[in-house]
Amino acid sequence: MSKRLTRIEICKQDMKFSAGHFCIFSREERENLHGHNYFLNVILEAEVPESGLSFNYSLYKNFIRNICKSLDEVVLLPTNSPYLRVAEGSEYVYAYFNADKEKLCFLKRDVKLLPLRNITVEELSYWFLQKLLLDVPPGHKEIIGLIEVKIFSGPGQSGASIWRKET
C-alpha cells in the first residue's frame, strides 16, 4: 500500500503583522515609505500514519504568532541591500539611500532590522521560512516533506518560499 500524504494549512486570523517599509528598485529609485497589513499562510506536507495525526501543528501556530508579534507595528529595514546603508546610533537608526543623498531617521524602538536585500514578500517569506526551519521540533524534519510559507501584503498579492526534504 502506498503512503498517504496530507497538507496541513495554517492561516489563522491572528497570524498577521502591520509594518512600514519601502521597496528598493535600483541604486537611485525606491518607493515612498508606506505600510501593509501582512498575513501569513504556512503549508506543511507530511505522511499520515496509522493514528491519523501527522504531527502536533499547534507548535507551529505558536511559533508563527510569535514571529508576527516581533514584526508588528515597526518599520522594516533590510541590512543586506547593496543600495541602502543602515547605521545605528544610540537612540536612532539611520537609513542612507541613493549614495547617501537621502537620509531617513527612525527611533530605534520603531525599527526592525532584517538581514534581507529588500523588504518584499519574496524576501520576507524566505526569511520567515529560514526561521521556521531552525525551530522545527526534533523528529519533525523526518515526517515533514514540504514547508511553504506564503506572505500576503494585501488581498491577492503574495510571495512564497518553499522547502522540500531531500530524498
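A short reminder: the numbers here are calculations on the coordinates, not readings from a lab. None of these values were measured; they are calculated from a predicted model. So basically every Cβ, Gly included, is an ideal-geometry build from the backbone, and we count neighbours across all protein chains shown.
Structure notes:
- Of Val42, Pro82, His21, farthest towards positive along the dipole that unit charges on Lys, Arg, Asp, Glu beta carbons give the stretch 1-90: Val42
- Given their separation in residues at 0.36 nm each and the Cα-Cα distance between them, Lys103 and Leu5 gain 30.1 nm when the chain is fully extended.
- Listed pairs Lys61/Lys141; Lys3/Lys131; Lys16/Lys69; Lys16/Lys112 exceeding 19 Å between Cα atoms: Lys3/Lys131
- Helix-only CD estimate at 222 nm, as mean residue ellipticity for the chain, using -39500 (n - 2.57) per DSSP H run (n ≥ 4): -5500 deg cm²/dmol
- A simple packing score, the average count of other Cβ atoms within 10 Å per residue, orders the peptides 75-81, 152-158 as 75-81, 152-158, with the highest score first.
- For the chain, the longest site-free run once GluC sites (Glu not before Pro) in DSSP loop states with at most 14 other Cβ atoms within 10 Å are removed: 92-165
- Note on Tyr126, Tyr92, Tyr38, Tyr57: ascending count of other Cβ atoms within 10 Å places them as Tyr92, Tyr57, Tyr126, Tyr38, the fewest first.
- Tilt relative to the chain, helix 58-71 - C-alpha long axis, 0 to 90 degrees, to 10: 0 degrees
- Which of Thr120, Thr6, Thr167 has the fewest Cβ neighbours within 10 Å, and the rest in rising order: Thr167, Thr6, Thr120
- Taking 0.36 nm per residue of separation and subtracting the current Cα-Cα distance, fully stretching the chain between Gln130 and Asn80 would add 16.4 nm.
- Mean separation of Cα contacts under 8 Å, 6 or more apart, over the residue count of the stretch 1-75: relative contact order %: 44 percent
- Total charge dipole magnitude, the chain, about the Cα centre, Cβ charges on Lys, Arg, Asp, Glu only, Debye to nearest 20: 160 debye
- Across the stretch 80-167, the mean sequence separation of Cα contacts (distance under 8 Å, 6 or more residues apart), normalised by length, yields a relative contact order of 21 percent.
- Leading residue at positive end of dipole, the chain (Cβ point charges), from Cys105, Gly159, Asn32: Gly159
- Pairs of alpha carbons in the chain whose separation is greater than 25 Å (percent): 39 percent
- Among Phe17, Phe106, the ranking by other beta carbons within 10 Å of each residue's beta carbon, starting with the fewest, stands as Phe106, Phe17.
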